[in-house]
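Throughout, read-outs are computed from the coordinates displayed, never taken from laboratory work. This structure is a prediction, so every number in the text was calculated from the model and none was measured. Heads up, the Cβs are rebuilt from the backbone with ideal geometry, glycines too, and the neighbour counts pull from every protein chain shown.
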Amino acid sequence: MILTSFNLLLFLAGLVFCAGLAFAVLSLFEREYRAAGMGTMAGTAAGGLILLSTLLDQNGEKIVLVSLLGILAASILFLFLPLGRATPERGEPANQVDERDIIFARARLEPGTETYRQYYQTHPEYQKIDDTSRRQPGLLDPGARLTDPLHSAATAASFALTEALREAVDGPLALDQTQGSPQDFTQTVKKLARYYGALDCGIAILQPAHIYSHIGRGSGTYGEAINLSHRFGIAFTVEMNPTMVRAAPYPPLTMESGKQYVEAARVAVQLAAAIRELGYPARAHIDGNYRVIAPLVARSAGLGEIGRMGLLLTPRQGPRVRIGVVTTDLPLIADTYRPDESVLDFCRICKKCAQNCPSQSIPQGERQIDNGVLRWKIKPESCYHYWTIVGTDCGKCMAVCPYSHPDNWAHNLVRWGIRRSGVFRRAALLLDDLFYGKKPPARDRSFLP
Ligand code: SF4
Ligand code: SF4
């Protein structure tokens with residue numbers, strides 16, 4: 001075929017139209033109907049305009065073609081402009097966190113007990129807000145605002161299974177220790193984690209700030225000092241179903257949370273048991289029975305960056321994951337944490353989680369120094385209070401986060417651009433608002449897969 005401007009314009013029109021159509025079809029599979037409509041319109045309009053330009057005379061066609069190529073070249077150039085640099089967080093938190101102070105440990109305190117009295121005697125600042133939450137219906141309660149019997153039953157079944165697994169986080173060691181190189185053990189552990197069901201896996205050298213100072217829940221004695229001497233933390237993620245996450249804050253989100261907590265717990269328990277079979281100490285850290293702060297270990301293990309909403313944002317699923325950790329003395333090679341400035345810059349301009357949070361628990365401002373670390377600090381009390389009213393674990397922040405889109409070619413292309421360029425990040429945010437809405441409504445509220 002002769003390479004004339006007419007033919008090139010025809011080719012470009014077809015390409016743009018097909019790209020719009022492909023995106024629309026993909027969005028239909030994702031049940032994102034607004035995005036499907038926008039993709040069709042954008043592809044048709046842009047493709048149609050280019051097609052119309054073929055009605056011009058040869059000079060007109062050439063001008064349009066050169067302009068289009070100019071726009072393309074300028075866009076590529078923009079990708080490399082050093083705009084939107086963010087100061088990466090350096091170092092780990094200065095002090096260890098006492099697990100008794102986290103909201104989930106406080107929520108378990110029962111009024112009238114000695115533990116309750118002693119805790120609030122030393123922490124009177126939490127008593128009023130905690131008691132207010134205690135008076136609400138609570139998670140999965142039939143009297144809560146958004147619960148329904150079917151989803152609550154399914155979620156309760158998952159919670160019960162995770163609870164049963166809490167007894168299996170540790171166990172006896174094999175008498176003989178298998179010898180091997182750290183390289184071999186590292187490869188084996190990562191492969192095993194994936195084989196058991198993990199999506200991604202990394203290894204961190206455990207720091208004091210990763211470990212809670214005192215037990216607040218799970219096995220062991222409440223208030224006992226934690227003495228975890230393991231050298232490494234193996235962190236891994238399991239993926240949450242995007243359709244169920246988009247139902248947030250309605251019950252499918254909580255049902256999916258429960259299911260993936262089970263998955264993370266099962267993988268962690270199995271992996272820890274396998275390491276102990278090799279003759280090395282290993283403990284699984286699972287929902288309700290942690291000795292470590294899982295997102296911090298996962299970040300040090302190179303699995304992602306902590307964003308505005310306080311959750312780990314992973315490169316391909318964003319916050320739409322659950323994290324499991326196994327700590328061990330098996331000789332391993334640690335991964336390197338590289339602060340991801342693109343995430344911090346994107347979170348700085350995005351704010352979508354904060355703007356959609358029903359309890360205004362996520363800050364809209366800049367990061368602040370907290371416990372020696374520059375970060376966005378969410379308000380766990382108001383977040384949890386909202387959960388006790390609606391009866392679900394909300395997850396609206398996770399659902400609206402632009403990083404939460406499914407792991408496929410279209411969204412990964414955008415993620416690639418977001419990592420590369422500050423200009424692209426700003427454009428991607430505008431497009432996310434346009435295609436998915438600034439305040440995306442909850443979808444498939446009674447969805448059962
Ligand atoms: S919604 Fe936006 S601001 Fe919030 S964590 Fe995700 S990217 Fe960051
Ligand atoms: S879970 Fe819901 S209430 Fe809590 S921070 Fe996220 S959006 Fe806000």
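Positive end of the dipole of the chain (Cβ unit charges, origin at the Cα centre): among 187, 354, 212, the Cα lying farthest that way belongs to 354.
Please give the helix 124-134 orientation as an angle from the longest Cα principal axis of the chain, in degrees from 0 to 90, rounded to the nearest 10. For 124-134 against the chain, the angle is about 70 degrees.
Listed as lacking a disulfide-compatible partner in the chain: 18, 201, 347, 350, 357, 383, 394, 401, by the criterion of no other cysteine Cβ under 4.7 Å. Here the spin labels are modelled as points 7 Å beyond Cα on the Cα-Cβ line, and at residue 412 and residue 101 they lie 4.2 nm apart. A Cβ-based charge dipole, computed about the Cα centre of the chain with Lys and Arg at +1 and Asp and Glu at -1, lands at about 860 debye. Cα axis of helix 251-277 to longest principal axis of the chain: angle in degrees, 0 to 90, nearest 10? Result, in degrees: 60. Separation of the range 405-449 and the range 215-244, taken as the distance between their Cα centroids, equals 30 angstrom. With R₀ fixed at 51 Å, the C-beta to C-beta distance from residue 74 to residue 194 puts the FRET efficiency at about 0.75. If R0 is 45 Å, the Cβ-Cβ spacing of residue 33 and residue 184 corresponds to a FRET efficiency of close to 0.35.
Taking R0 as 56 Å, what FRET efficiency do you get between residue 126 and residue 22 from their Cβ-Cβ distance, rounded to the nearest 0.05?
Numbers: r = 52 Å, r/R0 = 0.93.
So, using R0 = 56 Å, E works out to roughly 0.60.
Length available on full extension from residue 81 to residue 157: 0.36 nm per residue minus the Cα-Cα distance, which gives 22.2 nm.
Would you mind ranking 250, 384 so that the residue whose beta carbon has the fewest other beta carbons within 10 Å leads the list? Don't jump to the answer; show the numbers that get you there.
Working: 250 26, 384 23.
Going from least to most buried by this count: 384, 250.
Residue 228 label point, 7 Å along Cα→Cβ, cut-off 13 Å on backbone N: hits in the range 171-213? Only 204-213 fall inside the zone, counting backbone N under 13 Å.
Projecting the Cα atoms of 238, 19, 334 onto the charge dipole of the chain, computed from C-beta unit charges around the Cα centre, puts 19 farthest toward the positive end.
Annotation for residue 355 and residue 134: the two label points, set 7 Å from Cα along the Cα-Cβ direction, are 3.9 nm apart. Among 43, 138, 220, the residue with the largest mean-square fluctuation in a Gaussian network model of the chain, with springs joining Cα atoms closer than 10 Å, is 220.
Per residue of the chain, what 222 nm ellipticity follows from adding -39500 (n - 2.57) for every DSSP H run with n ≥ 4, rounded to the nearest 500?
Values: 17 runs with 219 residues, N = 449.
Value at 222 nm, helices only: -15500 deg cm²/dmol.
A viscosity of 1.306 mPa s and a temperature of 10 °C, combined with the Kirkwood radius over C-alpha pairs in the Stokes-Einstein formula, give the range 112-233 a diffusion coefficient of 82 µm²/s.
In this structure, the amide hydrogen of residue 231, modeled 1.01 Å from its nitrogen in the peptide plane, lies closer than 5 angstrom to those of 328, 329, counting only residues at least 5 positions away or on a different chain.
Going by how many other beta carbons lie within 10 Å of each one, how would you line up 297, 423, 25, fewest first?
Numbers: 297 31, 423 18, 25 13.
Lowest count first: 25, 423, 297.
Report, in whole Å, the centroid distance computed from the Cα atoms of the range 343-358 and the range 14-38. Each part's Cα centre sits 25 Å from the other's. The long axis of helix 422-436 is offset from the longest Cα principal axis of the chain by roughly 90 degrees. Of all the options 94, 73, 154, the one that moves most in a Gaussian network model of the chain with Cα springs shorter than 10 angstrom is 73.
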